[in-house]
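Everything below concerns the one structure shown next.
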Amino acid sequence: MSAIDSPNTPVLHLMIDFETLGLRPNSVILSAGVCSVPASLVPEAQWYGEFDALEQEGDPYNRVTDPNTLSWWMTQGNIPQGEMPLQEGIISLQAHIANLAQQYKIELWANGTDFDIPLFYNALDQQNCPAPFKYDAVRDYRTMRKAFWEVPMPEFTGRKHHALDDCINQAAHLNLIFNHIQKLRGITALSGIT
């Protein structure tokens, strides 16, 4: 029995974020980040990579760039311009999460389940890589944020629209929501590992 199938395996909540040149699952990927919830809980869970956008548009990937998203990035002044080939980056990210899954049952959080997760699945499929988490381990931070609107977001630290910094800030807020839920239940504060 693998670690993720054992009933005694601790749960590790991970936040994932992708920065892209579009809003579709086959968009060009600029960068990706992942961290534990909260980020300080399991520092070795952090992963960040910036990808070569140009090599993704042609064969074999044929990923797409949305002109409106590209224009938006141009107004931000901080567009990631990595050199890591998509194959290397996605395989590295998949292996990183799979390695964590040897010790923890992974619950993968994203800011909505309609963008980052389908994009990750699409990129994994292009590399013939299995998902490093179970299909029912996907969680929606956006819904938690809306449901627990009374929990204020901490002041943002780092760079906005930087995949790892976005993860760290979303994870910090999600951890506050976890603690709020536990207080409502009258239970000791919950960490990112349960």
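Tabulated data for the structure shown
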item: For region 75-116: rounded, prolate or oblate by the Cα gyration tensor [a/c cutoff 1.5]; result: oblate
item: Eligible aspartates and glutamates near K183 by straight Cα distance, threshold 17 Å, same-chain separation 8 or greater; result: E150
item: Carbon + sulfur, % of accessible area of the chain - ligands and nucleic acids excluded, 1.4 Å; result: 53 percent
item: Residue with peak Gaussian network fluctuation, the chain [Cα springs, cutoff 10 Å], from A101, A172, A131; result: A131
item: Å² per residue, accessible surface of the chain at 1.4 Å; result: 50 Å²
item: Area accessible to solvent at S40, 1.4 Å probe radius, in Å²; result: 90 Å²
item: Local net charge near Q127, Cβ-Cβ under 14 Å (Lys/Arg +1, Asp/Glu -1); result: -2
item: Per-pair calculated FRET efficiency, R0 = 25 Å: D125 and E44 via Cβ, rounded to 0.05; result: 0.40
item: Whichever lysines have a C-alpha closer than 22 Å to that of K134, once near sequence neighbours (fewer than 8 apart) are set aside; result: K105
item: Under-5 Å amide H pairs with S27, H placed in peptide plane, nonlocal only; result: V64
item: Interatomic Cα distance distribution for region 25-88, bins of 10 angstrom, percent; result: 20, 42, 28, 10
item: In degrees, nearest ten, helix 116-126 long axis to first principal axis of the chain (Cα); result: 50 degrees
item: Low-density loop positions, GluC sites (Glu not before Pro), region 1-97 - DSSP coil, at most 14 other Cβ in 10 Å; result: E83
item: Cα gyration tensor shape for region 84-194, rounded if a/c is under 1.5, else prolate or oblate; result: prolate
item: Other-chain or far-sequence residues with amide H under 5 Å of V138's (modelled H); result: L108
item: Computed over region 1-74: relative contact order in percent, which uses C-alpha pairs under 8 Å that are six or more apart; result: 28 percent
item: Gaussian network model of the chain, springs between alpha carbon atoms under 10 Å - residue of P60, P154, P25 with greatest fluctuation; result: P60
item: Shape call, region 35-154: gyration tensor on alpha carbons, a/c limit 1.5; result: oblate
item: Environment charge at E107 (Cβ cut-off 13 Å; Lys +1, Arg +1, Asp -1, Glu -1); result: +1
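The values are calculated or read from the model by the stated rules, or taken from the named source; none is laboratory data. Just so we're clear, the structure is a prediction, and the values are computed from it rather than from any experiment. Positions of Cβ are backbone-derived with ideal geometry, glycine not excepted, and every protein chain shown enters the neighbour counts. Calculation scope for accessible area: heavy atoms of the full protein, side chains included, ligands and nucleic acids excluded. Shrake-Rupley method; radii C 1.70, N 1.55, O 1.52, S 1.80 Å.
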